[in-house]
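Here's the structure, in structure tokens; my notes come after.
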Amino acid sequence: MTDKEVFFEVKGTLGLITLNRPKALNALTLSMVREIHPQLKKWENDSSVKNILIKAEGEKAFCAGGDIRALHDWGKNNDEEAVGFYREEYILNQYIKRYPKPYISLVNGIVMGGGVGLSVHGNYRIAGENYSFAMPETGIGLFPDVGGSFFLPRLSFEAGTYLALTGNRIKAADAIFLGTATNFIKSENFSNLINDLSKEENDPKEIIDKYSVEPGESEFREISQFCNKIFKADTVEKIIENLTEENSDLSKKILSIIDQKSPTSLKVALKSLRLGKNISFEECMQMEFRMVNKVMNDHDFYEGVRALIIDKDNNPSWKPGNISEVEENFVDKFFSSLDDDLKFN
């Protein structure tokens, strides 16, 4: 296997992208973004390429997110690559969302953050048996980005709010139930699927449906009505109040999880979901770019990465340290326009 971070091949009529950093859980780097985007443009203009498929090397992860350590170091050093990464990543996310040819992702293993951005906006989102989706950004002083403000609030049962504030994982059956994945296919059939998709005359939907099976019972389904009731509130304070009043084992467990997150991130994330529900995908991405510019100049991101990724003491000291101390005018600043707002080609 080549040592390139991402490689491309054309197999019959199929343009194939393979993420190739298995030891790093295929974490997305700036150089990977800079390779994937022009290759997709090339294939868009190649009439012999009918469908695009993205997959990953290794069994543990499709893509466990962006290269957070690099972003931390760039930001600490005031390197323009920090926000530059997000700018280029978000433009790629928008391009995938609007891509004119069928875009198929094969996700078997961990998919978080940047990996979600590479997969969830495509036409066909195929989950394997080891699928494990999460948006855990509030735990490192960030927020669910890469279009999270668009697709999370559009999930049923306030699942998006639950996922954004807790960072909890969902499995393949949950993904099918909620729609973050469109199909469940066992990984043993992935190579046959790719072969069939590469043939000259094919209908990707028919081929994908041929290999799709039922994923089993969704665990999230069992808590869906609970989430719908608790997480429909429009403030973090009210959600915490709802959980406290519920006073069940589940609500206590969720309260303890939320209590570990950055209070600022919780408020910023919730506001982005409530705003994102009523605006276009492009407007969501522009909003997220404004937010991430502020994040990269705020204390909590660097403290969260220190505590969870660098020192791994899992004991971040957030500022402010309590939800009640996060003032609304401070949250509003995360949504302020920039002199250099995100623009799409």
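The set of residues from segment 72-100 being touching a Phe, Trp or Tyr at 6+ places or on another chain (Cβ under 7 Å) and under 16 Å from K41 (Cβ atoms) comprises I91, Q94, I96, K97. Scanning segment 67-102 for residues that are aromatic (F, W, Y) and farther than 14 Å from V33 by Cα yields W74, Y99. Does any residue of segment 300-310 turn out to be out of contact with any Gly (no Cβ under 8 Å at 6 or more places or on another chain) and part of a loop (DSSP other than H, G, I, E, B)? Within segment 300-310 (the criterion being out of contact with any Gly (no Cβ under 8 Å at 6 or more places or on another chain) and part of a loop (DSSP other than H, G, I, E, B)), the answer is no, since none of the residues qualifies. Among residues of segment 297-326 that are surrounded by 14 or more Cβ atoms within 10 Å (Cβ to Cβ), those with a beta-carbon under 8 Å from a residue that is among the acidic types (D, E) and modelled with pLDDT of 95 or more at least six positions away or on a different chain give the pairs A307/D313; P316/D300; P316/E303; W318/D300; W318/E303; K319/D300; K319/E303; I323/E237. Residues that are part of a loop (DSSP other than H, G, I, E, B), under 24 Å from the mean Cα position of the chain (by Cα) and not aliphatic (A, V, I, L, M) were ranked within segment 185-213; the one that is surrounded by the fewest Cβ atoms within 10 Å (Cβ to Cβ) is K186. Of the strands (runs of 3 or more DSSP E) entirely within segment 72-135, those holding at least 3 residues that are aliphatic (A, V, I, L, M) and in contact with a strand residue (DSSP E or B) (Cβ under 7 Å, 6 or more places away or on another chain) occupy 103-107, 110-112. Against the definition (surrounded by 12 or more Cβ atoms within 10 Å (Cβ to Cβ) and either in contact with a strand residue (DSSP E or B) (Cβ under 8 Å, 6 or more places away or on another chain) or within 23 Å of L273 (Cα to Cα) (or both)), how does L338 come out, yes or no? In short, yes.
Starting from residues that are touching a residue at least 60 places away in the same chain (Cβ under 8 Å) and out of contact with any Leu (no Cβ under 8 Å at 6 or more places or on another chain), keep the ones in segment 22-50 and report whichever is surrounded by the most Cβ atoms within 10 Å (Cβ to Cβ). Top of the filtered list is A27.
Would it be correct to say that L19 is hydrophobic (A, V, I, L, M, F, W, C) and surrounded by 21 or more Cβ atoms within 10 Å (Cβ to Cβ)? Yes, satisfied.
The values are calculated or read from the model by the stated rules, or taken from the named source; none is laboratory data. What you see is a predicted model; the values in this text were computed from it and never measured. No Cβ is skipped: glycine too gets one built from the backbone with ideal geometry, and neighbour counts run over all protein chains shown.
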